[in-house]
Ligand code: NAP
Ligand code: ZN
Ligand code: ZN
């Protein structure tokens, strides 16, 4: 075991504070690395506050983890000491089911293991995430990271990046498609960057008038303020795809009506309350509503390599570890441009 400094909460009402945890000793297939940066995902807030009713305490959040390898087990083939590496939302899965065999570990039929707020395959050991100094992960769940990109701005790719890249790839979004992105936060800004890079016409659908200039700089061709009914009128039956990244309850029907024939609304945001939907919102134009969860290991590596080749990173605001509770409050107000990343040297 190795003693590791971290930040944790002990209940849904708690704020994050210093915590000491023990990481396992690196086994033969394990990669141990020093965490240099960790992104702050809205899922961290949902889970810290038990908004999905599945929280395990104490909880050390963080699943946008990048750092430098300090130790590898003697059977590790893919990594060596000093390599730049990353870990996203998963640290294990069964590796045997049909989904794991296809590289869809996030949909493992026997249950994948989350980087935090989960139990290891032994059913007992709780996983602790990236708001910590170091981590030990099986090499199969560790990603290679290029030294061409600024490492701090790569961290959010491990969740916000892959969660938006994966559905855009799955539905082959590209040239000739009109894509609406709802919510300009961590996921939203990556959805705009990827959809634009893939050649689609991108419209930002936002509640924040102050974000228009940034949306256009990030790659959006159009911007619509969702609180302005006039601006929304012209978007009726307009999009082929809508990527909804909103973290709070909102009216899905209003967006479904913006889909053209056979249009698909892809929900990646996970508001804590169930969604209310009218049949008419779907049957007109033969619309569909779909979901998508993070991404598997091969696709996450593909996305990281694509970003390195095409110079795509997240727009980040760097914070100290001690600022985390304030950062959460700002995210809840939509005040983040566009991902907080913790500098782990400050822990
Ligand atoms: P975030 O950075 O906080 O961004 C969310 C954005 O949604 C806000 O910036 C805001 O954008 C908009 N918004 C917030 N409240 C709203 C409201 N009441 N009505 C309309 N719009 C609102 O969050 P994130 O980290 O991108 O995460 C977004 C969601 O995705 C979370 O629910 C998270 O848990 C989920 N998630 C899912 C997966 C997956 O695998 N599917 C992976 C990661 C995260 P504007 O100011 O532009 O309106
Ligand atoms: Zn996340
Ligand atoms: Zn599996």
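The values are calculated or read from the model by the stated rules, or taken from the named source; none is laboratory data. Since the structure is predicted, the reported quantities are computational estimates derived from the model, not experimental observations. When we count neighbours, we look across all protein chains shown, and the Cβ atoms used for this are built from the backbone with ideal geometry, even at glycine.
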Condition (residue is out of contact with any helix residue (DSSP H, G or I) (no Cβ under 7 Å at 6 or more places or on another chain), modelled with pLDDT of 95 or more and more than 16 Å from ligand 2 (Cβ to nearest atom)) applied to segment 102-109: is it met by at least one residue?
yes
Go through the residues of segment 131-150 one by one and say whether even a single one is within 16 Å of ligand 1 (Cβ to nearest atom), in a loop (DSSP other than H, G, I, E, B) and touching a strand residue (DSSP E or B) at 6+ places or on another chain (Cβ under 7 Å).
yes
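Among 315, 305, 343, which is the only one that is buried (at least 17 other Cβ atoms within 10 Å of the Cβ) and either at negative phi or out of contact with any strand residue (DSSP E or B) (no Cβ under 9 Å at 6 or more places or on another chain) (or both)? Lay out the reasoning, then the answer.
Details: 305 fails: buried (at least 17 other Cβ atoms within 10 Å of the Cβ); 343 fails: buried (at least 17 other Cβ atoms within 10 Å of the Cβ).
On inspection, the qualifying residue turns out to be 315.
Do you know which residues across segment 253-285 are within 21 Å of the chain's Cα centre (by Cα) and over 16 Å from residue 42 (Cα atoms)? Full working, then the answer.
Filtering segment 253-285 down to residues within 21 Å of the chain's Cα centre (by Cα) leaves 264-275.
Scanning segment 253-285 gives 264, 265, 266, 274, 275.
If you go through segment 28-51 one residue at a time, how many are part of a loop (DSSP other than H, G, I, E, B) and either free of Cβ contacts under 8 Å to residues at least 60 places away in the same chain or within 12 Å of ligand 2 (Cβ to nearest atom) (or both)?
Within segment 28-51, the first condition is being part of a loop (DSSP other than H, G, I, E, B), and the residues that meet it are 28-29, 40-41, 49-51.
Subsequent filtering for residues that are either free of Cβ contacts under 8 Å to residues at least 60 places away in the same chain or within 12 Å of ligand 2 (Cβ to nearest atom) (or both) retains 28, 40-41, 49-50.
Adding up the residues that qualify gives 5.
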For segment 225-244, pairs from a residue that is assigned to a helix (DSSP H, G or I) to a residue that is surrounded by 11 or more Cβ atoms within 10 Å (Cβ to Cβ), with Cβ under 8 Å and 6 or more apart or across chains, are 231/224; 231/225; 232/224; 232/226; 232/254; 232/258
Does segment 126-137 contain any residue that is loosely packed, with under 13 Cβ neighbours inside 10 Å and more than 16 Å from ligand 2 (Cβ to nearest atom)?
no
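If I ask for residues that are more than 7 Å from ligand 3 (Cβ to nearest atom) and surrounded by fewer than 16 Cβ atoms within 10 Å (Cβ to Cβ), which ones from segment 84-106 would you list? Give the derivation first.
In the first step, residues of segment 84-106 are kept if they are more than 7 Å from ligand 3 (Cβ to nearest atom); the result is 84-92, 98, 101-104, 106.
Of everything in segment 84-106, those that are more than 7 Å from ligand 3 (Cβ to nearest atom) and surrounded by fewer than 16 Cβ atoms within 10 Å (Cβ to Cβ) turn out to be 98, 101, 102, 103.
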Being touching a residue at least 24 places away in the same chain (Cβ under 8 Å) and more than 24 Å from residue 45 (Cβ to Cβ) is the requirement here; does residue 347 meet it?
no
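Taking the condition within 15 Å of ligand 2 (Cβ to nearest atom) and buried (at least 24 other Cβ atoms within 10 Å of the Cβ), does residue 67 pass? Give the derivation first.
Details: within 15 Å of ligand 2 (Cβ to nearest atom): no; buried (at least 24 other Cβ atoms within 10 Å of the Cβ): yes.
Judged against the criteria, residue 67 is not a match.
Looking only at residues that are in contact with a helix residue (DSSP H, G or I) (Cβ under 7 Å, 6 or more places away or on another chain) and under 16 Å from residue 292 (Cβ atoms) in segment 229-244, which one is surrounded by the most Cβ atoms within 10 Å (Cβ to Cβ)? Break it down stepwise before answering.
As a first pass, look at segment 229-244 and keep what is in contact with a helix residue (DSSP H, G or I) (Cβ under 7 Å, 6 or more places away or on another chain): 237, 242-244.
Next cut, under 16 Å from residue 292 (Cβ atoms) only: 242-244.
Details: 242: 26, 243: 32, 244: 25.
Here the residue is 243.
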Right, residue 195: under 19 Å from residue 310 (Cβ atoms) and part of a helix (DSSP H, G or I) or not?
yes
